[in-house]
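To start, the structure under review is shown below, and the notes come after it.
The values are calculated or read from the model by the stated rules, or taken from the named source; none is laboratory data. If you're wondering where the values come from, they're calculated on a predicted model, not measured in any experiment. Cβ placement follows ideal geometry from the backbone for every residue including glycine, while neighbour counts extend to all protein chains displayed.
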Ligand code: HEC
Ligand code: HEC
Ligand code: HEC
């Protein structure tokens, strides 16, 4: 009896500890998927507790606040069952049945498969520290605050159904498509939105998918194969380095993309990053505004900077304030200091991002806990609207960039919009 008991204990112990190990592995996988989904970027307030909600987000109807998704039973999602959790992510319906605003990217998360949903749920219930913090009501007044119209919105715009592998495409392409369209919700910024705030395409079957969009005063670039404003001149390796490190020979991350790199893509493994690059590189050119592919022209550079002082106020500002970092030749010192020559963001017709980054600089890119050494400074206190318009007009004309001028009126609009938000 005594002797039989011991091995039985050992067996039981072995069984429960493998069960624990399996649970731990599930929670760890869930944590990784939560990184891929960048839940923390929206569900945390500046300087607030991670995932406890409270971040203000602007919608066309007014400001709303993200909710507490820690497992606290009273103020968070601790009482959500797995089915309710999946319904919130896939259909935008909360536990009590109210519809969520599509600022929560459920049209993208609808594509998350059942295994991944299970792992995410395990992580949110067992891997996240509960925080007691009450949710804040949206600043939207009656009657616009009624949520039932969202049910109609869902009927028209929500594409239900998890991601299905596409025949004829390899494993990497399908993995990349799954991550980009689903958890990564890249289209929530990079796809233009229609009048009902819907993304004008949720996958590559739409020619507007990932052709660039303006959200929160940042223009998220065209990610199709377009050769000037898109990724046509980037290799898969260029895209991968950008997602992993926030910079490559062509451009650096700034604006709202910085937080995507800080909180999400830098944590993804090389296989997943390579798959995302593979998928993006397969998107045919779309958007942009035609014209020949950009080619660097050093002659154009020389002409622009040898006789600036007398005639060109933009070149004067550039020489005084920008040149020591971005270079006489506009090539910066990539990947540390962004090049401006041929940079897709500079060539983009919509200059919002350029104006915003020059006025306000950018939040630090933080890689493995270390902030970038020379972040783009903030010029709002130093340069007036006309000077910023002039320097950006200069940059958009120099080094063969050949992109339309920037108007002082657009700079003052951006100054007002972003100062209100500070
Ligand atoms: C782009 C911003 C954004 C991202 C990214 C995001 N959420 Fe949300 N989420 C929201 C907003 C906004 C709401 C509240 C919407 C409302 O009040 O109608 C919300 C609500 C929710 C709710 C409903 C909670 C409740 O209060 O009952 C859950 C659950 C949720 N999100 C989970 C997640 C998970 C898990 C992720 C990552 C996979 C995620 N969210 C990523 C913006 C976001
Ligand atoms: C919160 C908004 C937002 C989300 C979500 C987002 N991006 Fe971006 N992204 C931007 C903005 C704004 C830019 C332009 C500034 C820059 O180049 O960093 C950008 C730039 C980029 C660039 C560089 C393009 C260029 O021409 O310089 C790549 C590549 C990119 N994003 C890929 C992605 C991928 C892949 C995802 C999804 C995993 C994603 N982004 C999600 C806002 C976003
Ligand atoms: C201290 C060095 C420094 C100076 C000075 C500087 N920049 Fe930058 N700039 C950067 C860095 C670094 C980035 C990349 C984003 C980041 O990491 O902050 C950048 C990014 C940019 C971008 C976006 C391009 C991209 O893809 O990242 C534009 C446009 C820009 N700078 C314009 C200017 C203008 C105009 C001036 C002068 C008024 C200027 N910069 C002065 C360092 C500098």
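For the structure I just gave you, tell me whether residue 240 is more than 9 Å from ligand 2 (Cβ to nearest atom), farther than 30 Å from residue 62 by Cβ and at pLDDT below 95. Here the answer is no, as residue 240 does not meet what is asked. Looking at this structure, is residue 345 touching a helix residue (DSSP H, G or I) at 6+ places or on another chain (Cβ under 9 Å), closer than 30 Å to residue 175 by Cα and surrounded by fewer than 21 Cβ atoms within 10 Å (Cβ to Cβ)? No, not satisfied. Consider the stretch 41-55 and keep the residues that are over 16 Å from residue 189 (Cβ atoms) and near ligand 1 (Cβ under 9 Å from one of its atoms). The one that is surrounded by the fewest Cβ atoms within 10 Å (Cβ to Cβ) is 43.
For the stretch 246-267, the set of residues classified as in a loop (DSSP other than H, G, I, E, B) and either near ligand 2 (Cβ under 10 Å from one of its atoms) or under 13 Å from residue 362 (Cβ atoms) (or both) consists of 246, 248, 250, 251, 253, 254, 255, 264, listed by residue number. Specify the residue that is modelled with the lowest pLDDT; the eligible residues are those in the stretch 252-289 that are under 18 Å from residue 347 (Cβ atoms) and in contact with a strand residue (DSSP E or B) (Cβ under 9 Å, 6 or more places away or on another chain). In this case the residue turns out to be 252. List pairs: first in the stretch 321-341 and within 17 Å of residue 295 (Cβ to Cβ), second surrounded by fewer than 17 Cβ atoms within 10 Å (Cβ to Cβ), Cβ under 6 Å, 6+ apart or cross-chain? Close Cβ pairs (under 6 Å, with a partner that is surrounded by fewer than 17 Cβ atoms within 10 Å (Cβ to Cβ)) amount to 341/296. Of note, residue 295 does not satisfy the criterion of being within 25 Å of the chain's Cα centre (by Cα), closer than 15 Å to residue 250 by Cβ, assigned to a loop (DSSP other than H, G, I, E, B) and modelled with pLDDT of 90 or more.
Among the residues of the stretch 56-92, those identified as within 8 Å of ligand 1 (Cβ to nearest atom), at negative phi and touching a helix residue (DSSP H, G or I) at 6+ places or on another chain (Cβ under 6 Å) are 66, 85, 89.
Of all residues being closer than 21 Å to residue 266 by Cα and more than 13 Å from ligand 2 (Cβ to nearest atom) in the stretch 348-366, which is surrounded by the most Cβ atoms within 10 Å (Cβ to Cβ)? Just the residue, please.
The extreme case among them is 366.
Table: residues versus (1) more than 16 Å from ligand 3 (Cβ to nearest atom); (2) modelled with pLDDT under 95; (3) within 24 Å of residue 285 (Cα to Cα).
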{"site": "151", "(1), (2), (3)": "yes, yes, no"}
{"site": "156", "(1), (2), (3)": "yes, yes, no"}
{"site": "159", "(1), (2), (3)": "yes, yes, no"}
{"site": "166", "(1), (2), (3)": "yes, no, yes"}
{"site": "171", "(1), (2), (3)": "yes, no, yes"}
{"site": "180", "(1), (2), (3)": "yes, no, yes"}
{"site": "190", "(1), (2), (3)": "no, no, yes"}
{"site": "204", "(1), (2), (3)": "yes, no, yes"}
{"site": "214", "(1), (2), (3)": "no, no, yes"}
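For the stretch 378-404, filtering for residues that are exposed (fewer than 15 other Cβ atoms within 10 Å of the Cβ) and within 27 Å of the chain's Cα centre (by Cα) leaves 2.
Being under 16 Å from residue 253 (Cβ atoms) and either at pLDDT below 90 or touching a helix residue (DSSP H, G or I) at 6+ places or on another chain (Cβ under 6 Å) (or both) narrows it down to one residue among 392, 354; which is it? Walk me through how you get there before you give the answer.
On the way: 392 fails: under 16 Å from residue 253 (Cβ atoms).
The unique qualifying residue is 354.
Residues that are away from ligand 2 (no atom under 16 Å from the Cβ) and under 18 Å from residue 59 (Cβ atoms) number at least 3 in the following helices (runs of 4 or more DSSP H) confined to the stretch 74-168: 149-157.
Selection over the stretch 265-285 of residues that are more than 24 Å from residue 354 (Cβ to Cβ) and under 13 Å from the mean Cα position of the chain (by Cα) gives a count of 1. Taken together, 184, 212 contain a single residue that is touching a helix residue (DSSP H, G or I) at 6+ places or on another chain (Cβ under 8 Å) and more than 21 Å from residue 114 (Cβ to Cβ), which is 212.
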